[in-house]
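Q: Below: one structure in structure tokens.
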Amino acid sequence: MNGTGILKGLGVTLKHFIQTYVDDIRYGGRKYLGMENFEVRQGLKAQGAFTVQYPDEKIAVPERFRFVPFLVVNEDDHPDAPGKDWCTSCGICAKVCPPQCIWIVRSEDPVTKRPVPEPEAFFIDIDICMNCGYCAEFCPFDAIKMDHDYELADFDRTGTHIHDKPKLSKPYEYYYNIAPTTAAEEAQARGGWEHPDVIKAKKKSGEPVMEQPWFMLRAEDPEARARAEAERAAKAAAAAESTVSEADIAAERQARRAEALARHRAWAAKKN
Amino acid sequence: MTDQAIMPVPTEALDTQGAIDWLKDKYPEAVQDDTRQGYGGVVVDRSQLTKIAHAIRDDLGYDYLSSATAVDYLGISDHIEMVYHAYRTAGGPPLVFKAQTPRENAEIPSVVSVWPGADFQEREAYDLFGIQFSGHPNLKRILLWEGFDGHPMRKDWQEAYYEEEHKPFESRWPKGWVRRAEELNVFGKNVRYPADLDLSRLTDVSEDSLYKGMGLGVDVQEIVQEGEHIKTDRLIVNMGPHHPSTHGVFRMIAELDGETIEALEPVMGYLHRNHEKIGERNAWLMNIPFTDRLDYISSMGNNMGYVQAVEKLLAQGARYTPPTYRAEVIRVLMVELTRIVNHLWAIGFLLNDLGAFFTPALYAIAEREKVLDFFEATAGSRMMCNYMRFQGVAKDLPERIHSTAVTVNDKVRDYNTMEFLTELINERLPRSIDELDHFLTESEIIKTRAMGVGILPPEMAIAYSAAGPLLRASNVPYDVRRAEPYSIYPELDFDVCVRPNGDVYDRYLIRLDEMRESVRILKQVLQRLEATHGEDIFSGNKAIYMPRVPVGESYGRVENPKGELGFYCVSEGDPKGPQNPWRYHVRAPSFINLTPLGVMCKGHKVADVVVILGSIDIVLGETDR
Ligand code: SF4
Ligand code: SF4
């Protein structure tokens with residue numbers, strides 16, 4: 001009979017409509033309140049609507065989620081090398097990056113001019129980054145990782161979208177928090193919780209490697225915590241006394257960048 | 001036809017080598033083996049191309065032209081070459097033949113008269129390589145506009161922000177003081193126009209050429225009177241590029257008589273970014289995330305096509321090991337989930353085009369969310385998966401799909417991956433497919449609007465190189481997974497779906513059928529996943545980021561949800577030099593499936609055009625590349 005098909009279809013719509021409320025009644029307020037009951041709504045058996053009220057509530061992203069990368073550094077109170085970059089400026093991530101948005105300046109020894117395994121500057125142009133995750137996948141030192149912070153919208157593209165080293169650097173603790181399973185797997189592959197070079201050196205000299213990441217050890221050991229606090233305070237005092245201000249450093253960087261740009265321009269002009 | 005008498009037409013289907021020998025016997029002076037290292041097939045003298053193409057189709061039975069593309073061998077042998085991959089719809093490997101032309105005044109006869117499906121592909125080669133196809137009925141630019149200077153896929157053409165021939169660029173390390181491209185090359189100084197282009201008449205010029213191609217002048221207001229019919233105006237209507245029904249930035253020029261379509265021509269390229277040129281600047285590995293951006297609904301399938309093409313090349317080298325079994329199982333899991341996602345999307349949006357605004361679409365894509373959650377937890381991204389690698393996949397499935405809350409309003413979910421997949425594949429997806437079926441199939445409105453609309457007869461579907469659901473809904477049981485099997489498909493039990501009528505309704509139905517077949521495959525994959533738990537997902541050395549790809553050509557194709565997706569790659573692998581593809585071509589189903597759009601729309605009403613386009617299921621990221 002004509003029209004039955006439509007009626008049947010409308011029945012499906014009605015079913016969806018009702019199902020949402022049936023689910024509501026079945027779970028009561030639990031469907032919307034509380035942390036763990038979120039699973040009721042988003043769970044495998046959930047029926048009806050399972051929308052999320054963004055931004056009042058957000059779905060935490062899974063571990064492997066990848067967004068604009070960041071650089072792993074030691075915590076500020078790390079006993080061996082506070083705040084040290086894990087990056088050795090080997091350049092692999094810059095080479096493997098498909099849209100070529102990673103820019104690295106390798107440090108040089110001021111006297112011998114020989115390369116030092118540490119980046120002097122590190123930039124990622126996040127307008128160009130395609131979040132592919134290759135940099136993190138191929139970095140041999142686990143020094144660059146994909147972030148979970150996806151809310152990067154902002155009003156000015158030119159001023160803020162080139163992330164520099166201070167902006168990119170995040171302590172290992174942060175990385176561990178967003179991706180504990182992956183971090184543990186990687187630590188196992190490295191043979192310890194520290195930077196691969198540190199582990200290698202320690203193994204050579206017979207020194208014991210850390211059995212847990214530093215931030216966990218610190219939490220367990222009040223003495224270490226106090227020592228770290230003191231060290232951090234001393235460092236801050238030294239920085240306050242230092243005659244070289246942040247602004248000076250930034251100005252110098254700017255000047256070197258301008259110099260590089262002039263070089264690029266000259267090169268481009270010659271090509272054309 | 002005296003030579004025909006000497007060389008009888010083969011009565012049974014010859015294998016590829018037999019076909020090549022037959023061709024060489026019949027045209028000894030015009031057909032030669034392609035003897036270059038790593039190459040296959042034959043090189044055909046271009047002056048006899050059309051004749052030989054006829055023989056290939058009619059006498060040898062290669063009725064389906066999958067891909068026709070060009071390669072510029074500047075600096076190697078200094079010619080441009082057209083490469084054709086012809087298949088039999090009965091299945092089997094391709095017959096590859098090539099025609100060469102000098103770079104200056106490049107000219108090759110058109111094969112459109114043999115395979116109409118070459119139409120857009122030859123226009124693309126004309127547009128990007130500057131090859132004149134003599135005998136092509138409508139040779140004009142297709143992806144770029146008329147005011148574009150030069151032919152960008154030629155090796156000596158450089159883009160506005162040109163930096164170096166190949167990545168990685170020198171300036172990034174170790175002295176990478178950052179700059180933006182626009183600081184170096186300011187807008188306004190980076191656009192070139194052809195010398196004879198009159199900028200003041202820009203719009204007129206380009207529009208003029210478009211309408212001329214349809215056999216019309218620019219002034220189209222012409223009154224036709226036919227017998228007792230009501231007086232109707234013939235006029236030209238532009239649908240798109242900004243129109244919700246075009247699924248992106250796509251334009252159709254329709255010539256109407258009253259409300260009836262007399263002729264229709266698709267205009268595309270608004271999203272063109274010269275993916276292939278980027279691909280040739282890239283290193284081999286870098287192209288995988290770029291393929292995600294082609295058909296962004298089914299990035300897993302794109303990954304698979306590309307890695308297979310490159311693996312074929314790698315296999316000619318010494319230190320190659322094929323992907324492990326578990327890797328293949330995971331790949332098939334991913335692409336079949338993608339197929340379901342894509343078809344859910346296609347059906348949902350077909351209904352949008354039919355006017356059922358968003359209720360069916362939302363019901364259809366609800367389950368897609370779950371699949372994307374799984375992709376996100378496994379590959380790291382919901383749509384831009386970048387998951388497959390040469391010789392394997394990036395990572396094994398995680399034990400659990402879970403997350404860590406970082407902020408207070410972060411909500412946490414935590415599932416066991418295998419339980420999640422089992423529930424999804426055994427319960428949720430079949431339920432959702434059945435529900436769609438129940439919801440839509442019998443609806444009288446859909447039947448009235450879709451049955452008998454946009455009919456594409458089987459012989460035409462083949463001739464126009466239609467692929468995927470479009471081809472199979474036209475009663476041609478051709479599916480790459482069966483016709484030229486790859487991965488673990490030979491051991492999986494599934495049927496190739498066909499529908500007999502070739503109209504919009506059948507294209508809707510075939511997507512339902514294919515989703516059901518995919519579920520069937522997925523159930524078998526689940527068992528294999530469990531059986532291979534813990535095995536390697538990668539063979540070879542994971543740390544290699546610049547694989548050495550042996551010299552040669554390869555064509556890898558997969559049955560993507562939208563149709564046959566092919567990648568034609570050429571490596572000139574200088575062992576010391578940069579490791580980049582010399583040629584990287586995408587045979588895009590969304591692009592080639594548009595070739596018969598005009599024919600399908602003829603005689604229908606304007607509202608039907610929207611539905612017919614929706615039933616082809618295109619994605620502009622792939623059409624325009
Ligand atoms: S690959 Fe790792 S160590 Fe090397 S430069 Fe990049 S971040 Fe630093
Ligand atoms: S995620 Fe990809 S695009 Fe972004 S910086 Fe890393 S390698 Fe480059």
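The values are calculated or read from the model by the stated rules, or taken from the named source; none is laboratory data. As the structure is a computational prediction, the values presented were derived from the model and not from experiment. Here the Cβ positions follow ideal geometry from the backbone for every residue, glycine too, while neighbour counts run over all protein chains shown. Side chains included, ligands, DNA and RNA excluded: accessible areas come from the protein's heavy atoms. Shrake-Rupley method; radii C 1.70, N 1.55, O 1.52, S 1.80 Å.
Q: Once every DSSP H run of n ≥ 4 in chain B is given -39500 (n - 2.57) and the sum is divided by its residues, what mean residue ellipticity at 222 nm do you get, rounded to the nearest 500 deg cm²/dmol?
A: -10500 deg cm²/dmol
Q: Please list the non-local residues whose amide H lies under 5 Å from the amide H of A:Glu120, H modeled 1.01 Å from N, same-chain partners needing a gap of 5 or more.
A: Amide H to amide H, under 5 Å and 5 or more residues apart or across chains, A:Glu120 pairs with A:Val105, A:Arg106, A:Ser107.
Q: Right, next: Quick one: net charge of A:Phe141's neighbours, Cβ under 10 Å, K/R +1, D/E -1?
A: Summing Lys/Arg as +1 and Asp/Glu as -1 gives -2.
Q: Of all beta bridges DSSP finds with both residues in chain B, what is the antiparallel percent, to the nearest 5?
A: About 90 percent, rounded to the nearest 5.
Q: List the accessible area buried at the contact between A and B, summed over both sides and calculated with a 1.4 Å probe, in Å² to the nearest 100.
A: The summed interface area works out to 7200 Å².
Q: Can you say what percent of the DSSP beta bridges in the protein assembly as shown, counting only those with both residues inside, are antiparallel? Round to 5.
A: Among the beta bridges of the protein assembly as shown, antiparallel pairing accounts for roughly 85 percent.
Q: Using the Cβ atoms and a cut-off under 9 Å, what net charge is assigned to the surroundings of B:Ala254, where Lys and Arg are +1 and Asp and Glu are -1?
A: So the environment of B:Ala254 carries a net charge of -3.
Q: Quick one: dipole size for the range B:275-624, taken about the Cα centre, charges +1 on Lys/Arg Cβ and -1 on Asp/Glu Cβ, in debye to the nearest 20.
A: Its charge dipole is roughly 740 debye.
Q: What 222 nm value per residue comes from the helices of chain A, counting each DSSP H run with n ≥ 4 as -39,500 (n - 2.57) and dividing by all residues, nearest 500 deg cm²/dmol?
A: Mean residue ellipticity, 222 nm, calculated: -14000 deg cm²/dmol.
Q: Right, here's the next one. For B:Leu65, which sequence-distant residues (separation of 5 or more, or a different chain) have an amide H within less than 5 Å of its own amide H, given hydrogens modelled in the peptide plane?
A: Hits under the 5 Å cutoff: B:Tyr87, B:Ser465.
Q: Taking a probe of 1.4 angstrom, what is the accessible area of A:Lys200 in Å², to the nearest 10?
A: The accessible area of A:Lys200 comes to roughly 140 Å².
Q: Between the range B:386-433 and the range B:138-171, how far is it from one alpha carbon centroid to the other, in angstrom?
A: For the range B:386-433 versus the range B:138-171, the Cα centre distance is 40 Å.
Q: For A:Lys204 and A:Lys15 in the same chain, what is the full-extension length gain: residue separation times 0.36 nm, less their Cα-Cα distance, in nm?
A: This chain segment gains 61.2 nm when fully extended.
Q: Which value, in Å², gives the accessible area per residue of chain A when a 1.4 Å probe is used on the protein heavy atoms?
A: Using a 1.4 Å probe on heavy atoms only, each residue of chain A averages 54 Å².
Q: Something else about it: Which of the lysines could a cross-linker span from B:Lys140 if the Cα-Cα distance has to be under 18 Å and same-chain partners fewer than 8 positions apart are dropped?
A: B:Lys212
Q: Principal axis lengths of the protein assembly as shown from Cα atoms, whole Å, largest first?
A: Answer, in whole Å and largest first: 99, 73, 57 Å.
Q: Counting other C-beta atoms within 10 Å, and keeping those with at most 13, which DSSP coil trypsin sites (Lys or Arg not before Pro) do you find in the range B:360-444?
A: Taking the range B:360-444 and a limit of 13 other Cβ atoms within 10 Å, no loop trypsin sites (Lys or Arg not before Pro) are found.
Q: Suppose every K and R has +1 on its Cβ and every D and E has -1 on its Cβ; what is the size of the dipole of the protein assembly as shown about the Cα centre, in Debye to the nearest 20?
A: Here the size comes out at about 1200 debye.
Q: Ordered by residue, what ³J(HN,Hα) values in Hz, to whole numbers, does the range B:530-537 give under the Karplus form 6.51 cos²θ - 1.76 cosθ + 1.60, where θ = phi - 60° and Gly and Pro are x?
A: Calculated HN-Hα couplings, in order: 5, 5, 9, 3, x, 6, 5, 10 Hz.
Q: While we're here: Under 25 Å between alpha carbons, and skipping anything fewer than 8 positions from A:Lys15 in its own chain: which lysines qualify?
A: Counting by Cα, and skipping residues close in sequence, A:Lys15 has these lysines nearby: A:Lys31, A:Lys45, B:Lys370, B:Lys447.
Q: While we're looking at this one, here's another question. Let a ≥ b ≥ c be the square roots of the eigenvalues of the Cα gyration tensor of the range A:69-225; is it rounded (a/c under 1.5), or, if not, prolate (a/b larger than b/c) or oblate?
A: Prolate shape, in that a/c is at least 1.5 and a/b is the bigger ratio.
Q: Report the accessible area of B:His585, computed with a 1.4 Å probe over the heavy atoms of all protein chains in place, in Å² rounded to the nearest 10.
A: The value for B:His585 is about 10 Å².
Q: Now for a separate question. Find how much the distance from A:Gln53 to A:Ala184 grows on full extension, using 0.36 nm per residue of separation minus their present alpha carbon separation; answer in nm with one decimal.
A: Full-extension gain reported as 43.9 nm.
Q: In what order, largest first, do A:Ile6, B:Ile288 sit by accessible area if the probe radius is 1.4 Å?
A: Of A:Ile6, B:Ile288, the descending order of accessible area is A:Ile6, B:Ile288.
Q: Another one. For the protein assembly as shown, which whole-number percentage of the solvent-accessible area (1.4 Å probe, protein heavy atoms only) is attributable to carbon and sulfur atoms?
A: In the protein assembly as shown, the share of accessible area belonging to carbon and sulfur is 56 percent.
Q: For a 18 Å ceiling on Cα separation, which of these pairs sit above it: A:Lys113/B:Lys175; B:Lys395/B:Lys542; B:Lys51/B:Lys98; A:Lys203/A:Lys235; A:Lys113/A:Lys204?
A: Cα-Cα > 18 Å for A:Lys203/A:Lys235; A:Lys113/A:Lys204; rest within.
Q: Sequence neighbours fewer than 8 away in the same chain don't count; with that in mind, list the lysines whose C-alpha is under 19 Å from B:Lys277.
A: By straight Cα distance, B:Lys277 reaches A:Lys95, B:Lys155, B:Lys167.
Q: Let me ask another. Roll a 1.4 Å probe over the protein heavy atoms and report the accessible area of B:Val496 in Å², nearest 10.
A: 40
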